[in-house]
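Q: The structure is given below, and queries will be raised subsequently.
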Amino acid sequence: MTVFYCSRCGKALTTGLTALASVPDVPDLDGARPKGARQATATVPRRSYAIDREPWGAPFVPQQDQDNPVPAFPRGPLMATEEGFVVSAGPRDTVIVHPDDAPDLQPLPQWENSTGCCGPNGTEGPNRACPCGAHVATLAADCFGPYELHLDPVRTYAFDEEGRDSAAQ
Ligand SMILES: [Zn+2]
Ligand SMILES: [Zn+2]
């Protein structure tokens with residue numbers, strides 16, 4: 001089991017989580033949506049986490065091939081600005097967790113970076129903070145795109161509970 005902590009204050013941000021070997025496939029976000037729910041089913045199930053090896057979230061840069069655009073980030077939608085279709089140039093190795101497994105995270109003041117239709121779309125940068133104020137995570141929870149909480153790989157750190165046990169012996 002792994003717990004993720006705030007790099008600034010050391011507070012535990014998640015419950016104990018089990019690593020997944022890879023990010024689960026979410027083949028059809030519309031089909032995966034529970035009846036009546038505004039968000040898709042969460043990409044990772046409760047009490048687990050997956051490392052996203054691809055760039056994720058803000059900032060976004062123009063795509064090379066504007067004639068054959070790809071989604072702006074894994075499991076996300078096509079996104080366009082006045083510069084054309086864009087793709088994420090955000091951090092690699094963000095940690096995807098179920099949003100309910102980090103219950104103490106809070107929206108930023110004035111809902112900064114939380115623009116969206118039914119929830120934050122997660123494309124503006126970190127939008128969830130540790131109670132100490134550090135911007136540690138980005139929640140994507142709009143009615144289109146995935147339902148994921150991404151922990152920042154620098155502003156959080158992992159601690160393996162089993163590693164602590166063996167180190168103590
Ligand atoms: Zn903190
Ligand atoms: Zn909506």
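The values are calculated or read from the model by the stated rules, or taken from the named source; none is laboratory data. This is a predicted model, so every value here is computed, not measured. Virtual Cβ from ideal backbone geometry, glycine too; neighbours counted across all protein chains shown. For the accessible areas, the whole protein counts, side chains as well, though only heavy atoms, and no ligand, DNA or RNA atoms are used. Shrake-Rupley method; radii C 1.70, N 1.55, O 1.52, S 1.80 Å.
Q: Which one of Gly10, Gly31 is small (Gly, Ala, Ser), over 20 Å from Val87 (Cα atoms), in a loop (DSSP other than H, G, I, E, B) and modelled with pLDDT under 95? Spell out how you get there, then give the answer.
A: Values: Gly10 fails: modelled with pLDDT under 95.
From the options Gly10, Gly31, the qualifying one is Gly31.
Q: From the residues in segment 117-145 that are out of contact with any Phe, Trp or Tyr (no Cβ under 9 Å at 6 or more places or on another chain) and not hydrophobic (A, V, I, L, M, F, W, C), which one is farthest from ligand 1 (Cβ to nearest atom)?
A: Here the answer is Asp142.
Q: Something else now. Taking Ala37 and the conditions (1) among the hydrophobic types (A, V, I, L, M, F, W, C); (2) more than 20 Å from Cys118 (Cα to Cα); (3) more than 16 Å from ligand 1 (Cβ to nearest atom); (4) open to solvent by less than 50 Å² (accessible area, probe 1.4 Å), which numbered condition does it fall short on, given that it satisfies the others?
A: Only one criterion in (1) among the hydrophobic types (A, V, I, L, M, F, W, C); (2) more than 20 Å from Cys118 (Cα to Cα); (3) more than 16 Å from ligand 1 (Cβ to nearest atom); (4) open to solvent by less than 50 Å² (accessible area, probe 1.4 Å) is unmet by Ala37, namely (2).
Q: Next question. Could you list, in sequence order, all residues of segment 76-104 that are surrounded by fewer than 20 Cβ atoms within 10 Å (Cβ to Cβ) and within 16 Å of ligand 1 (Cβ to nearest atom)?
A: Within segment 76-104, Pro103, Asp104 qualify.
Q: Please verify whether segment 8-20 includes one or more residues that are within 16 Å of ligand 2 (Cβ to nearest atom) and in contact (Cβ under 8 Å) with a residue 40 or more places away in the chain.
A: Narrowing segment 8-20 to residues within 16 Å of ligand 2 (Cβ to nearest atom): none.
The answer is no, given that none of the residues of segment 8-20 is within 16 Å of ligand 2 (Cβ to nearest atom) and in contact (Cβ under 8 Å) with a residue 40 or more places away in the chain.
Q: Across segment 105-116, what is the total count of residues that are touching a residue at least 60 places away in the same chain (Cβ under 8 Å) and open to solvent by less than 20 Å² (accessible area, probe 1.4 Å)? Explain how you work it out, then say what you get.
A: Step one: filter segment 105-116 for residues touching a residue at least 60 places away in the same chain (Cβ under 8 Å), giving 105.
Going one step further and asking which of them are open to solvent by less than 20 Å² (accessible area, probe 1.4 Å), we end up with none.
The total comes to 0.
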